[in-house]
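Okay, so here's the structure we're looking at.
The values are calculated or read from the model by the stated rules, or taken from the named source; none is laboratory data. Not measured: the values here are computed from a predicted model. Backbone-built Cβ (ideal geometry, glycine too); neighbour counts: all protein chains shown.
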Amino acid sequence: MLSYVGAFHLLATKPDLVATDYLFNDTPGYTTEFPDDFRMLSGDPTLRTLDPSSFAQQAITFLCLDFSGTSTRYNELPKGMSCPSGIRSQINFPSCWNGKDTDSPSHKSHVAFLSTGPDNGTCTDPAFPVTLPRIFMEVYWISQVFEDQRKFAMTPSQPFVFANGDPTGYGYHADFFNGWAPGVLQKALYGCNCNPYGDPTCCVDQGIFGMNKSSTCYITNTVDEQSKLLIISLGTLETLPGNNPIQAPCYQTYIDPIAPAILSPVYIYNGSAGGPTGTVVTPAQTAIVTQTADGSCIRKGGASSSKISSWFLVWAVLAVSTVESSLRMFDFGITA
């Protein structure tokens, strides 16, 4: 769907097109499960340029998919080309831990990448001696349905923007919060090696965990913002969620004067989408701020020659679905 200047159209994915892999060496005693309450962040939402020497930025890639030809990998959202089978975003997490802190102020300084890159090497740094499973997340975006509308976009060479205002892909990021019950993942690391194809039934057969693919899991909102409902019902948004400005080729701090209400607690539940909701713990606020949506980083632009312009919104979603071994693999969910 297209509309006039300032419109955003949802770029869809769905749960069966999202995968999170846990990769590990299945030698007993080599890999340690995540400790209770462990959390970390991979990527930086403020980045808009590439440092090719950075392991943290090497950890993020995008595949321009062509299932009938050759798929090409990039460190940014693909520019100037059609991806006939869609785009797949990919991100690796650090897998070396200091063995002490379950989190840090930056959500990064307690972990490090492997010795020779985000997807290769060992934990040789004595400051980060503990090897954790390497988390690799993939999200498949159904971008090909917009190819016939690309010429109407604000920037036809690369018409997609993430919900945080990043049109480059360098600011792609993901958070990990450990939700494994203590001991379960460790048993899986040692015990689910019955085949190299990712079949999760070997873990199920051994009683390590159960699996119910017919179950549907929901999480309630933490922010009382109607962006998602509007884009689902109307197909477009006039602004990005949180009124985030599009920022490239650099980033600058921007605070929107209107802050939506915050809801708590957050519920995770099975069943229909009409489940519980949190109550308002921080009401909506309107503040006077000095930073306005203007500057060298905040992108502005006129309509295309057809007087129509739009952005296609990449709505970030996460799901945990796959476990993989560097020697053998087991997959207990949905793969991309």
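Quick check: anything in the stretch 229-243 farther than 30 Å from Met154 by Cα and either in a loop (DSSP other than H, G, I, E, B) or modelled with pLDDT of 75 or more (or both)? Before the answer, list the steps.
Keep residues of the stretch 229-243 that are farther than 30 Å from Met154 by Cα, which gives none.
Looking for residues that are farther than 30 Å from Met154 by Cα and either in a loop (DSSP other than H, G, I, E, B) or modelled with pLDDT of 75 or more (or both), one finds none in the stretch 229-243, hence no.
Here's the yes/no breakdown for (1) surrounded by 14 or more Cβ atoms within 10 Å (Cβ to Cβ); (2) over 20 Å from the mean Cα position of the chain (by Cα); (3) among the polar types (S, T, N, Q); (4) not in a strand (DSSP E or B):
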| site | (1), (2), (3), (4) |
| --- | --- |
| Pro78 | yes, no, no, yes |
| Thr102 | yes, yes, yes, yes |
| His107 | yes, no, no, yes |
| Thr122 | no, yes, yes, yes |
| Ile135 | yes, no, no, no |
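Within the stretch 64-71, is even one residue surrounded by 20 or more Cβ atoms within 10 Å (Cβ to Cβ) and closer than 30 Å to Ser296 by Cβ?
Yes, some residue in the stretch 64-71 is surrounded by 20 or more Cβ atoms within 10 Å (Cβ to Cβ) and closer than 30 Å to Ser296 by Cβ.
Residues are listed down the side, and each one gets a yes or a no for (1) surrounded by fewer than 23 Cβ atoms within 10 Å (Cβ to Cβ); (2) modelled with pLDDT of 85 or more; (3) of a type outside the set (Phe, Trp, Tyr); (4) under 22 Å from Asp16 (Cα atoms):
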{"residue": "Tyr140", "(1), (2), (3), (4)": "yes, yes, no, yes"}
{"residue": "Glu147", "(1), (2), (3), (4)": "yes, yes, yes, no"}
{"residue": "Phe152", "(1), (2), (3), (4)": "yes, no, no, no"}
{"residue": "Pro159", "(1), (2), (3), (4)": "no, yes, yes, no"}
{"residue": "Asp166", "(1), (2), (3), (4)": "no, yes, yes, no"}
{"residue": "Gly171", "(1), (2), (3), (4)": "yes, yes, yes, no"}
{"residue": "Cys192", "(1), (2), (3), (4)": "no, no, yes, no"}
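Can you go through Lys151, Lys187 and tell me which one is basic (Lys, Arg), outside any loop (DSSP other than H, G, I, E, B), more than 23 Å from Glu33 (Cβ to Cβ) and touching a residue at least 12 places away in the same chain (Cβ under 8 Å)?
The unique qualifying residue is Lys151.
Restricting attention to the stretch 28-64, report how many residues are in contact (Cβ under 8 Å) with a residue 40 or more places away in the chain and either part of a loop (DSSP other than H, G, I, E, B) or within 26 Å of Gln186 (Cβ to Cβ) (or both).
Number of matching residues: 22.
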